[in-house]
1. Just from its helices, what would the mean residue ellipticity at 222 nm be for the chain, if runs of 4 or more DSSP H residues each count -39500 (n - 2.57) and the sum is divided by every residue, rounded to the nearest 500 deg cm²/dmol?
2. Can you tally the net charge around residue 50? Count Lys and Arg as +1, Asp and Glu as -1, for every other residue whose Cβ sits under 11 Å from the Cβ of residue 50.
3. Between (i) 62, 50, 36; (ii) 60, 42, 36; (iii) 83, 45, 44, which matches Cα extents along the principal axes in Å calculated for the structure shown?
4. If you take the beta carbon distance between residue 26 and residue 227 as r and set R0 to 25 Å, what does 1/(1 + (r/R0)^6) give as a FRET efficiency, to the nearest 0.05?
5. If we count chymotrypsin sites (Phe, Trp or Tyr not before Pro) as exposed when they sit in a DSSP loop and have at most 16 other beta carbons within 10 Å, what is the longest stretch of the chain that avoids them all?
6. Suppose the chain between residue 43 and residue 174 were pulled fully straight at 0.36 nm per residue; how much longer would it get relative to their current alpha carbon spacing?
7. Where Lys and Arg each count +1 and Asp and Glu each count -1, what net charge lies around residue 250 among other residues with Cβ under 10 Å from its Cβ?
8. Considering only DSSP states other than H, G, I, E and B, which trypsin sites (Lys or Arg not before Pro) in the stretch 248-291 qualify as loop sites with at most 15 other Cβ atoms within 10 Å?
Amino acid sequence: MKLTVELKENSYPIYIENGILKHAASYISQVFSGRRVMIISDDQVYPLYGEALKGTLSSFECHTLILPHGEQTKNFQTLPRVYSALLEAKISRSDLVIALGGGVIGDLAGFAAATFLRGVRLVQIPTSLLAQVDSSVGGKTAVDLPQGKNLVGAFYHPKLVLIDPDVLNTLPERFIHDGMGEVIKYGCIKDSSLFETLKKHRSFESLKSELASVICRCIDIKRMVVEKDQFDTGERMLLNFGHTLAHTIEQYFHYGRESHGEAVAIGMYQITRLAEEKGLTPAGRGDSIREVLEAYGLPCACNVALPELTAAIGFDKKNLNNHLNVVLLHEIGDSYVYPTDAGFFDGDFSV
């Protein structure tokens, strides 16, 4: 399956195919004719797929940088190590960075590629479900600050995205659940039929027979949204459903307890519950979301008092001049942006 993100000079193809990693070089050669390649990966993914990828790139001078896995790596302090590796490999603006990993590696390597020498070509090869359905597409790159997630970043589109659903067979179960948080998000915001498909299967194992098409549908939704709103000022905000609370939950636990997808799951359910109480979403939609989240092993609560979480919302990128845009649902599959402020989250109860 092939999709193309149409952004004029920033357009790029996305290929989704079982076993495509074995043929990565032939796809990369279509968008890159330079000499040097830097593969940036982590210590969990590289032992599984790094050497195989490097083997397919034998016609290039291939270098590697292997970083510790986990969100804690995606910080400002890691960047000098990445830049030093690029300098030591003599990577120039005519060379290529390949991000081989999940969302952390994709975001970090993407930001490094965007800023090193004011921009080096980038290819995304996402190896987690979350990265395959969401973070590898759309051009958002970033690192975290102590005050919040993704606060330093850039819009920088790859030249190519290669998605191999086969690599998910080695993904730990928790990170399958993590990715399903974003899959469910797409059903909530744009596609009630996708939501019903997820509801019908009720487990990732059952969903496997339709996995490639589910990944393709999620990416296609994101592609359409990004084409209309490349820089996240309008419709693209819909992709942030559940994320305002999710980012505060991740930060509250110092990125060490809930994964991103788990935090998004909590955020989607809890903000829908809040919206129902305020009459902004019809009753019962939260229960529908909770049913699907629980079917795929995702949490609906983190059991933290809301006032303890809301201080971090002041640093959220969606909080502009004390005007906060939150994403709510008219119905499952029909979302909208609701302008408010941090007071939307006032309340003395646990999330």
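1. -11500 deg cm²/dmol
2. -2
3. Identified label for the calculated read-out: (ii).
4. E(calc), rounded to 0.05, equals 0.40.
5. The reported range is 1-230.
6. Extra length available between residue 43 and residue 174 comes to 45.4 nm.
7. Local net charge: -2.
8. 257, 278
Every number here is computed from the coordinates shown, using simple stated rules; none is lab data. Owing to the predicted nature of the structure, the values given are computational and were not obtained by experimental measurement. Reconstructed Cβ throughout: ideal geometry from the backbone, glycine too, with neighbour counts over all protein chains shown.
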